[in-house]
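Working notes, structure below.
The values are calculated or read from the model by the stated rules, or taken from the named source; none is laboratory data. Since this is a predicted model, take the numbers as computed values, not measurements. Cβ placement follows ideal geometry from the backbone for every residue including glycine, while neighbour counts extend to all protein chains displayed. SASA here: full protein model, heavy atoms, side chains in, ligands and nucleic acids out. Shrake-Rupley method; radii C 1.70, N 1.55, O 1.52, S 1.80 Å.
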Amino acid sequence: MSDQPRYAALAAPMVVILGLVYLLPLVSVLLISFTEPEPGLGNYALIFESPAVLKVAMTTLWVCGFTTVLSVVIGYILAYAFVSSSSIARKLMMLFVLVPLWTSVLIRTFAWLMILGDNGPVNDILQSTGLTDRPIAMMHNDLGVVIGMTHYMTPYAMLTILAGMSGIDERLVMAARGLGASPVATFLKVYFPLTLPGVFAGTVLVLVLSLGFYVTPIILGGGRVVMIGEYISTQILLISRWGVGSMLATLLMVVVLAAIAATARAIDLRRIFPV
């Protein structure tokens, strides 16, 4: 006798709970986006008609895209260094990666506020070495937001890529070297292609998490770098434009679901997260 009915019965209560506390609010948000302040597609037309909405969308895509690229590149370097290091070095590297990951995003953001300020250590070093004669603006602009978000996202990229690298059979690399391939050729033609599923998964993960960033853009952006999370909050909490806020939240959800679906379709996640 199949165990599937038994498993379905065990999962049924959780499915009902998720439906009540998660799906119903999502449906409510979707309905509000089509009915407030009046029924129709007026809120969605703002994507093309409102310069403010378009600017927020483009800023979000630019900042999140650049953050994703930097996080994945740095995360790949860290993951490759991790798998190539000794046991003691791996423990130290994992400690340095996890400690910031466990630290509150608010604390890390305020730390960058001090580091990147006009009187912070970065500008002090640049001026003391003669590279600049005045402080460089690294706050309240895209640069500060990208730095803060990259610092937060790099561990996620690194750990995801590391999960893919850990499943690579080292005998393939040894075989390529044994057949006369140089280290560079072995990396480019054998090792790197095998890590692409992890890179793709890490890219999507970082991009999805970046799209919903709220605290870091507000503090490091100083009101000059408005991303979609802050804009949704403003529309709903400050000026009570529930329809516009719900429309943007719906679009954000659609983008996230599309990214997740693309990941599942493009790669076999079991290659990265074996079960």
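Cβ separations smaller than 8 Å between residues 6+ apart or across chains give the following pairs from segment 125-140 residues that are farther than 22 Å from residue 224 by Cα to residues that are of a type in the set (D, E, K, R) and in a loop (DSSP other than H, G, I, E, B): 127/133; 127/134. In segment 78-197, counting only helices (runs of 4 or more DSSP H) that sit wholly within it, the ones holding 3 or more residues that are modelled with pLDDT under 85 and farther than 30 Å from residue 210 by Cβ span 170-178, 183-186. Residue 49 passes every criterion in (1) modelled with pLDDT under 85; (2) within 30 Å of residue 203 (Cβ to Cβ); (3) open to solvent by 80 Å² or more (accessible area, probe 1.4 Å) apart from (2).
Scanning segment 158-215 for residues that are among the hydroxyl-bearing types (Ser, Thr, Tyr) and farther than 20 Å from residue 75 by Cα, which turns out surrounded by the most Cβ atoms within 10 Å (Cβ to Cβ)? Residue satisfying both the conditions and the ranking: 186. Applying the condition of being polar (S, T, N, Q) and open to solvent by 30 Å² or more (accessible area, probe 1.4 Å) to segment 230-251 and asking which residue is modelled with the lowest pLDDT yields 240.
Checking each residue in segment 75-130 for being open to solvent by less than 50 Å² (accessible area, probe 1.4 Å), of a type in the set (Lys, Arg) and over 18 Å from the mean Cα position of the chain (by Cα) picks out no residue at all. Note on segment 131-142: among residues that are surrounded by fewer than 16 Cβ atoms within 10 Å (Cβ to Cβ) and not hydroxyl-bearing (Ser, Thr, Tyr), the one that is nearest to residue 103 (Cα to Cα) is 141. Scanning segment 252-265 for residues that are modelled with pLDDT under 75 and either touching a helix residue (DSSP H, G or I) at 6+ places or on another chain (Cβ under 6 Å) or of a type in the set (D, E, K, R) (or both) yields 263, 265.
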